[in-house]
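Taking it in order: structure first as structure tokens, then the write-up.
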Amino acid sequence: YDVWFPNLSPSETLLKQVSPPLDERAWQAFSRKFMAEMKQPAPRRDLDLLAALSHHADFAIGCYCEDEARCHRSILRTLLEDRGARIL
């Protein structure tokens, strides 16, 4: 990676509570809690910035999770789409 940007990662507390979210119930709990974290002012500003940046530059969001469908990346994708991000 070129830049490590941990601002939009799940909190350590959340990761300890539900890691790894394997079944549907655990995934739903993780999703709710992570969405609540992303509603805080600092993550909201970062998401807005990345959504705006997506119209002028290409970037990728990575993680070590094997399955994007059960990873915070899928939630970030939705949050960025909701902000009008250009997603390829």
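The values are calculated or read from the model by the stated rules, or taken from the named source; none is laboratory data. Since the structure is predicted, the reported quantities are computational estimates derived from the model, not experimental observations. Glycine also receives a Cβ, built like all others from the backbone with ideal geometry; neighbour counts cover every protein chain displayed. Each accessible area value is taken on the protein alone, full model and side chains, heavy atoms only, with ligands, DNA and RNA left out. Shrake-Rupley method; radii C 1.70, N 1.55, O 1.52, S 1.80 Å.
Please give the helices (runs of 4 or more DSSP H) falling wholly within the range 11-63 in which 2 or more residues are within 18 Å of Asp82 (Cα to Cα).
Working: elements: 12-18, 24-38, 41-53.
The helices (runs of 4 or more DSSP H) meeting that bar are 24-38, 41-53.
Select, from Arg45, Arg73, the only residue that is open to solvent by 60 Å² or more (accessible area, probe 1.4 Å) and out of contact with any helix residue (DSSP H, G or I) (no Cβ under 7 Å at 6 or more places or on another chain).
Details: Arg73 fails: open to solvent by 60 Å² or more (accessible area, probe 1.4 Å).
Just a single option satisfies the conditions, and that option is Arg45.
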